[in-house]
Amino acid sequence: MPCGAIATFALCGGQAWALTSAVARELRWGLPAVLREVSQWRGRAESIPDATIRRDAIEALEGKRLNADGAGLFWTVTKRRSSSLLRLLVTFEIMADFLDSMVERGAHIGVVNGQQLHLAMVEAVDISRPLSSYLRYHPWQDDGGYLQELVKACRRSCVLLPSYSSVRPLLVRAAELAQVQGLTHELDRLLRELILRDWAKRHAYDACGLDWHESSGAASAWLTVLALMTAAAEPSLPIERAVDVYLAYFPWVSLSATMLDSYGDLREDRDRSGHSYIAYYGSVEFAASRIEDVLRRAVIEIGLLENAANHAVILAAMVAMYLSKDSVVGSEMGATSNGLLQAGGPLAMVLGPVLRGWRSVNMLTDA
């Protein structure tokens, strides 16, 4: 049994080695490569004709910059470095962040706009589908082809992945689930809840008996898409291994990400009456207890995967990054946040103070 599947209070040798290797690969190749990709898309975004869309594209690149580095971290899971995989991971993340910004901007149009825009998520990973008119209902129209270029860049990278064909059905399924993100900016709170409840009933039938808001929350995070892209980069990948990755990341790892993100934004969402997945739990105390359970399950599921220690680094880095925000380390939420960090496993405990210090040194915001 992989060491990651065992409840331990100290790093096992495999995890320590995986962490060291991931850090070395990221510092030497990964982070510089991500920076180049982001810079190239920043240059392209600056040429978008419509000023509002241009602003959304640039703000998504700048304000959610950490997301691109997080997506690029999946690149460390594979035994061999793959420039095609890294490019795909970063491009898909940039596209997803841009979509989120556009849907929020056009929220007054209703969910039809979000649904249409988020067709891009599926078409980016399914090379057999024709491209849609993504901005059909968007109030601002002229993106100069920017969104379609992101989709096409993802498709070009997909076909270069050795096991893309075998992983494709699962990859498309994960992307289809992630389209729920296009519904979460409905401005009417009661209507939004009804829409998400209906969506969960119709689509998230494989979400392990979770409540409706947990099913839709797990789907809204596209970590499963990134994990399957990484699996597809392995030559001659058995479909059984791809299924294992899918079932570990959806719902457990993806749900952990969504709820931790919502936990970190709790005060901000309260102040501006924004959508909050964590608010559906009724209290912060109950939410924290439930998230701890989900995190422990995610640690177990990740520990059963091939390359378990490498996936454990991904999970721990995600947990530590969310729980290193200023908004969750103060006196009001500090004790609860520490409990969540412990539930994320020994790697998360190691990385927590490291990423907190890294945020401080680099004067990073709570993005």
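Miscellaneous remarks
- Reported count of residues in the range 46-94, each being over 28 Å from VAL319 (Cβ atoms) and buried (at least 24 other Cβ atoms within 10 Å of the Cβ), is 3.
- Within the range 1-73, helices (runs of 4 or more DSSP H) holding 3 or more residues that are at pLDDT 95 or above and β-branched (Val, Ile, Thr): 51-63
- Residue satisfying all of: in the range 265-289; closer than 30 Å to VAL172 by Cβ and touching a residue at least 40 places away in the same chain (Cβ under 8 Å); least open to solvent (accessible area, probe 1.4 Å) among these: TYR277
- Selected residue (only one of ASP244, ASP261 is of a type in the set (Asp, Glu), in contact (Cβ under 8 Å) with a residue 40 or more places away in the chain and open to solvent by 60 Å² or more (accessible area, probe 1.4 Å)): ASP244
- Residue list for the range 74-96, filter: among the charged types (D, E, K, R) and outside any helix (DSSP H, G or I): LYS79, ARG80, ARG81
- ARG197 passes every criterion in (1) part of a helix (DSSP H, G or I); (2) buried (at least 16 other Cβ atoms within 10 Å of the Cβ) apart from (2).
- Those helices (runs of 4 or more DSSP H) of the range 224-325 in which at least 2 residues are under 27 Å from CYS154 (Cβ atoms) and among the β-branched types (Val, Ile, Thr), considering only elements entirely within it, cover 239-248, 308-322.
- Conditions (1) of a type in the set (D, E, K, R); (2) touching a Leu at 6+ places or on another chain (Cβ under 9 Å); (3) open to solvent by 10 Å² or more (accessible area, probe 1.4 Å); number of the one not met by GLU214: (3)
The values are calculated or read from the model by the stated rules, or taken from the named source; none is laboratory data. What you see is a predicted model; the values in this text were computed from it and never measured. Neighbour counts are summed over all protein chains in view; Cβ atoms, including those assigned to glycine, are modelled from backbone coordinates with ideal geometry. To get the accessible areas, we keep the full protein, side chains included, count just its heavy atoms, and leave off ligands, DNA and RNA. Shrake-Rupley method; radii C 1.70, N 1.55, O 1.52, S 1.80 Å.
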